[in-house]
Every structure is written in structure tokens, then in C-alpha cells.
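Undergrad: This is the structure, below, for whatever I ask next.
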Amino acid sequence: MFDNPPSCYMHKQGNFITSFFPEGLVAGEDYGVFYLPGIDPAYGSPFLVAGDIYAMFNDRPEVRAVMDFFTRGESLKAWLATGGALSPHNDTPLDWYGSELEREIASLVAGATSVRFDGSDLQPGAVGAGSFWKGMTDWISGTVDLDTALAEIDAAWPTE
């Protein structure tokens, strides 16, 4: 993407990707974001996300207090300031985000009519982060045909 000339002009990726960009690049000049419109206006303005899950394993008052804290935007304030995260909370002001780029992404999500998890995030790890990722990138790059990629993905699903 940052070669001269670039061999990639558009890259769909999570907002954390900027932490892997070369030093010295400037958001808004060297790279930016935009909303990729949905396939049909009848479906509104969907937005694709990933997410983290909190789970409680011990039902104690102090654990419940932590879980309650996680239900508020305040729990993410420090993380948002450092970048690479989005808040799912409606009580998160845009000025908590550490950069204009992060605020722009958060605004796009806030304007969505629906927010959905990426299909690979809904699959078991061996598939979503494994065979599905590999199969789709192999198919897009032309190293395998679609039937082969799909067969490899199907074969990786856990049997239990």
C-alpha cells in the first residue's frame, strides 16, 4: 500500500491496522477511511465490526461491580485515547478518541443503521482465523479455485 507506486490502493481492515503502518505517515494525507456503502439501500447503512467479549466466571459482588463498569463507555476511555479501539457504548463522546481518524471511524459506526460481526468472528478459531482466512486469500490471489477453497474451509470445521 505504501510502495511507490502503490500495488494496493484500497485495503479493508480493522482500525487497529494503523499501528502496523510505517513510521512518519500522516492520516488524511497518506491514508484515510471511508464508508463502504451497503449492497442495497433497502438494507440501510450497515457497518461490519469485530469485538471482544467479557465473561463472568465467579458470581461475587466485586466481580459484578467490574462487569457493571464494563457496561459504560468510561471503561474504555483510556483505551480509546491510545487508538485501535472503538466503543460499543452510546455514552462515549467522540472527544475521548485519541485522533481525528479514530473519531471519524467512530462517527461512521455511530451513523450505521445496523452493526454486525464479521462472519469469520462468528466461526470457531480454527476456521475463522485459520482455514477461512487462508481459503479466501488463496482464492482471491488465484492460487486455488473457489471449489477447492470452500472444500478446505469445510474440512477444517471441528467435528465435536
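The values are calculated or read from the model by the stated rules, or taken from the named source; none is laboratory data. Note that the coordinates shown come from a computational prediction; the quantities given were computed from them, not determined experimentally. Note that we place each Cβ from the backbone using ideal geometry, even for glycine, and neighbour counts take in every protein chain shown.
Undergrad: Consider PHE57 against the criteria (1) part of a loop (DSSP other than H, G, I, E, B); (2) touching an Asp or Glu at 6+ places or on another chain (Cβ under 8 Å): it satisfies all of them except one. Which criterion is unmet?
TA: Every condition holds for PHE57 apart from (2).
Residue-wise test of (1) assigned by TED's automatic domain parsing to the domain that holds ASP30; (2) among the hydrophobic types (A, V, I, L, M, F, W, C); (3) in contact with a helix residue (DSSP H, G or I) (Cβ under 8 Å, 6 or more places away or on another chain).
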site: ALA78; (1), (2), (3): yes, yes, no
site: GLY84; (1), (2), (3): yes, no, yes
site: HIS89; (1), (2), (3): yes, no, yes
site: SER99; (1), (2), (3): yes, no, no
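Undergrad: Can you tell me which residue is farthest from SER120 (Cα to Cα) among those in segment 144-160 that are in a loop (DSSP other than H, G, I, E, B) and either in contact with a strand residue (DSSP E or B) (Cβ under 8 Å, 6 or more places away or on another chain) or not acidic (Asp, Glu) (or both)?
TA: VAL144
Undergrad: Cβ-Cβ distance below 6 Å, separation of 6 or more or different chains: which pairs start in segment 146-160 with a residue that is without any contact (Cβ under 8 Å) to a residue 12 or more places away in the chain and end on one that is assigned to a helix (DSSP H, G or I) and surrounded by 10 or more Cβ atoms within 10 Å (Cβ to Cβ)?
TA: LEU146/TRP139
Undergrad: Here's another thing I want to ask about it. Report the residue count in segment 86-140 for those that are over 26 Å from PHE69 (Cα atoms), polar (S, T, N, Q) and either touching an Asp or Glu at 6+ places or on another chain (Cβ under 6 Å) or surrounded by 14 or more Cβ atoms within 10 Å (Cβ to Cβ) (or both).
TA: So the count comes out to 3.
Undergrad: With respect to the numbered conditions (1) of a type outside the set (S, T, N, Q); (2) exposed (fewer than 10 other Cβ atoms within 10 Å of the Cβ); (3) under 20 Å from ALA112 (Cβ atoms), which one is the sole condition not fulfilled by ASP59?
TA: Status for ASP59: all satisfied but (3).
Undergrad: Restricting to segment 86-121, give me the number of residues that are assigned to a loop (DSSP other than H, G, I, E, B), over 15 Å from the mean Cα position of the chain (by Cα) and more than 24 Å from PRO41 (Cα to Cα). Walk me through how you get there before you give the answer.
TA: In the first step, residues of segment 86-121 are kept if they are assigned to a loop (DSSP other than H, G, I, E, B); the result is 86-93, 97-99, 111-113, 118.
When the remaining residues are screened for being over 15 Å from the mean Cα position of the chain (by Cα), the result is 89-93, 97-99, 111, 113.
Remaining after also requiring more than 24 Å from PRO41 (Cα to Cα): 89-93, 97-99.
Of the residues in segment 86-121, 8 are assigned to a loop (DSSP other than H, G, I, E, B), over 15 Å from the mean Cα position of the chain (by Cα) and more than 24 Å from PRO41 (Cα to Cα).
Undergrad: Still on this structure, I have one more. Just for segment 36-53: of the residues that are surrounded by 10 or more Cβ atoms within 10 Å (Cβ to Cβ), within 18 Å of the chain's Cα centre (by Cα) and not aliphatic (A, V, I, L, M), which one is modelled with the lowest pLDDT?
TA: Here the residue is GLY51.
Undergrad: Something else about it: When segment 6-42 is examined, which residues are found to be over 15 Å from GLU100 (Cβ atoms), without any contact (Cβ under 8 Å) to a residue 12 or more places away in the chain, in a loop (DSSP other than H, G, I, E, B) and not aliphatic (A, V, I, L, M)?
TA: Those that are over 15 Å from GLU100 (Cβ atoms), without any contact (Cβ under 8 Å) to a residue 12 or more places away in the chain, in a loop (DSSP other than H, G, I, E, B) and not aliphatic (A, V, I, L, M): PRO6, SER7, CYS8, TYR9, HIS11, GLN13, GLU23, GLY24, PRO37, GLY38, ASP40.
Undergrad: Working only within segment 107-132, note down all residues that are aliphatic (A, V, I, L, M) and either touching a residue at least 24 places away in the same chain (Cβ under 8 Å) or on the phi > 0 side of the Ramachandran plot (or both).
TA: Hits for segment 107-132 are LEU108, VAL109, ALA112, VAL115, ALA126, VAL127.
Undergrad: Considering segment 34-81 alone, what residues qualify as being within 21 Å of PRO93 (Cα to Cα) and among the charged types (D, E, K, R)?
TA: ASP52, ASP68, ARG72, GLU74, LYS77, listed by residue number.
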